[in-house]
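Single-structure report; data block below.
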Amino acid sequence: MTKSLNTVLFVAASMFLTGIANHAVAGTVLVTGSSQGHGLAFINDYAERDWTVIATTRTPSKADQLQALAEKFSNVVVEELDVTDFAEVDALAEKYADTPIDVLNLNGAINTFRVGRNTHGETDYAWLEQVLRTNIIGQLYVAEAFLEHVAASDQKTIAAMSAVGGSITNVRSSMAPSYRASKAGLNMLMRTYGEAVKDRGVIVAVIAPGTIDTENFMAVEDPSTLSERDQRMVAANAYAPRHAIGAMIDLIDGLTLDDIGTFHKWDGTTLPW
Ligand SMILES: NC(=O)c1ccc[n+]([C@@H]2O[C@H](COP(=O)([O-])OP(=O)(O)OC[C@H]3O[C@@H](n4cnc5c(N)ncnc54)[C@H](OP(=O)(O)O)[C@@H]3O)[C@@H](O)[C@H]2O)c1
């Protein structure tokens, strides 16, 4: 009797510790679009936390900063991936067929605040189509292609990078319609995908990162050396701090299936859909 009680206690303690370990021990992460910006910062921070990092970029040969990180950290491997190239997505999924992926970080997307601004009345429909194909369709395709890898892992999390601008409730102007539409569409696809895969224990969450000061512009002594946009951002104190990337890693690590109905912001607050 005592022996079986001890066994029960031992198993319970092990399960408790394993449960903690699932969210505390470094696992394997795949981050898309990691040659610059948030993606590059995610690679750096995951690598520093001893995760096994699969960093994808459309053009590894041009991704100098990413390649430098791969040289610095032996736990970072660089792979080529364009989320709109389904054959390439399938090939990468096949290459990693035996690798459980704890966190699939769907970061790579077209950020029209940086490239290809768009305005109602001057809609470039070919560009709109490319934005939607990249920011919505490609994201779901990658999520589905890597579902088995995620389902086989401990953490079982798909985290899609959305945007504050993807909130329909918060629309106050006509700015950036293509980008906003792409993120609102992403939110809905990921919200429904989360319902579709929750029975497998896979958590699908959307997170709005804000514009993170990955280049540390807020600390620049002479802001006039920055681009006009960055000067405006610095003056308006509009950047989220660099540690927002680490905060998102912590947020992702703490997600549970109860979070699939929530539109998260990087700082742990909730946005209206
Ligand atoms: N910065 C912001 O203000 C802000 C705010 C809210 C949300 N976000 C979101 O956060 C994420 C990262 O933003 P960011 O500011 O770091 O953007 P960024 O500097 O413009 O970089 C975007 C990355 O997306 C990748 N990408 C573009 N098209 C792709 C495609 N077809 N397939 C795969 N990757 C593709 C590119 O990666 P490669 O060149 O390496 O392939 C690029 O590095 C995006 O989802 C963005 O929408 C950003």
**Request:** Starting from residues that are closer than 20 Å to Thr214 by Cβ and not aliphatic (A, V, I, L, M), keep the ones in the stretch 67-97 and report whichever is nearest to the ligand (Cβ to nearest atom).
**Result:** Gln67
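From the list Ala151, Ala143, Ala97, pick out the single residue that is within 24 Å of Met190 (Cβ to Cβ) and within 15 Å of the chain's Cα centre (by Cα).
Values: Ala151 fails: within 15 Å of the chain's Cα centre (by Cα); Ala97 fails: within 15 Å of the chain's Cα centre (by Cα).
Answer to the selection: Ala143.
Can you spot a residue in the stretch 111-129 that is buried (at least 16 other Cβ atoms within 10 Å of the Cβ), within 15 Å of the ligand (Cβ to nearest atom) and under 22 Å from Lys156 (Cβ atoms)?
The first filter runs over the stretch 111-129 and keeps only residues buried (at least 16 other Cβ atoms within 10 Å of the Cβ), leaving 111-112, 118, 127-128.
Those left that are additionally within 15 Å of the ligand (Cβ to nearest atom): 111-112, 118, 127-128.
If we keep only those that are under 22 Å from Lys156 (Cβ atoms) too, we end up with none.
No, the conditions are met nowhere in the stretch 111-129.
Taking helices (runs of 4 or more DSSP H) that fall entirely within the stretch 69-158, which contain at least 1 residues that are among the basic types (Lys, Arg) and at negative phi? Explain how you work it out, then say what you get.
On the way: elements: 86-95, 125-132, 138-145, 147-151.
In the stretch 69-158, the matching helices (runs of 4 or more DSSP H) lie at 86-95.
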**Ala235, sole failed condition from (1) more than 25 Å from Asn44 (Cβ to Cβ); (2) touching a residue at least 24 places away in the same chain (Cβ under 8 Å)** = (2)
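I'd like the residue in the stretch 209-226 that is within 13 Å of the ligand (Cβ to nearest atom) and without any contact (Cβ under 8 Å) to a residue 40 or more places away in the chain and, out of all such residues, is surrounded by the fewest Cβ atoms within 10 Å (Cβ to Cβ).
Checked the stretch 209-226; the qualifying residue surrounded by the fewest Cβ atoms within 10 Å (Cβ to Cβ) is Glu215.
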**Message:** Any residue that is under 19 Å from the mean Cα position of the chain (by Cα), under 30 Å from Thr123 (Cβ atoms) and surrounded by fewer than 17 Cβ atoms within 10 Å (Cβ to Cβ) - is there at least one of those in the stretch 237-253?
**Reply:** no
**Message:** So, Ile260, is that one over 22 Å from Asn44 (Cβ atoms), under 21 Å from the mean Cα position of the chain (by Cα), surrounded by 12 or more Cβ atoms within 10 Å (Cβ to Cβ) and free of Cβ contacts under 8 Å to residues at least 60 places away in the same chain or not?
**Reply:** no
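Could you please let me know if Asn170 is away from the ligand (no atom under 12 Å from the Cβ), of a type in the set (S, T, N, Q) and at positive phi? Explain how you work it out, then say what you get.
Values: away from the ligand (no atom under 12 Å from the Cβ): yes; of a type in the set (S, T, N, Q): yes; at positive phi: no.
It is false that Asn170 is away from the ligand (no atom under 12 Å from the Cβ), of a type in the set (S, T, N, Q) and at positive phi.
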**Complete:** Subset of the stretch 52-65, residues closer than 15 Å to Leu30 by Cβ and surrounded by fewer than 23 Cβ atoms within 10 Å (Cβ to Cβ), comes to Thr52, Arg58, Pro60
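Name the residue that is nearest to Asp213 (Cα to Cα), counting only residues in the stretch 41-66 that are in a helix (DSSP H, G or I) and in contact with a Ser or Thr (Cβ under 6 Å, 6 or more places away or on another chain).
Taking the stretch 41-66 and keeping what is in a helix (DSSP H, G or I), we get 41-48, 60-62, 64-66.
Among the residues that remain, those that are also in contact with a Ser or Thr (Cβ under 6 Å, 6 or more places away or on another chain) are: 41, 43, 66.
Working: Ala41: 10, Ile43: 15, Leu66: 18 Å.
Going through the qualifying residues, I end up with Ala41.
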**Fill in**
Flagged in the stretch 226-257 as within 30 Å of Val150 (Cβ to Cβ) and among the hydrophobic types (A, V, I, L, M, F, W, C), in numbering order, are Ala240, Ala244, Ile245, Ala247, Met248, Ile249, Leu251, Ile252, Leu255, Leu257
**Request:** Could you check how many residues of the stretch 159-168 are in a loop (DSSP other than H, G, I, E, B) and of a type outside the set (A, V, I, L, M)?
**Result:** 2
**Message:** Quick check on my filter: what residues within the stretch 144-167 are within 16 Å of the ligand (Cβ to nearest atom), hydrophobic (A, V, I, L, M, F, W, C) and crowded, with 24+ Cβ neighbours inside 10 Å?
**Reply:** Ile158, Ala159, Ala160, Met161, Ala163
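Just so you know, all these numbers are worked out from the coordinates, no wet-lab data involved. Since this is a predicted model, take the numbers as computed values, not measurements. Cβ atoms come from the backbone with ideal geometry, glycine included; neighbour counts cover every protein chain shown.
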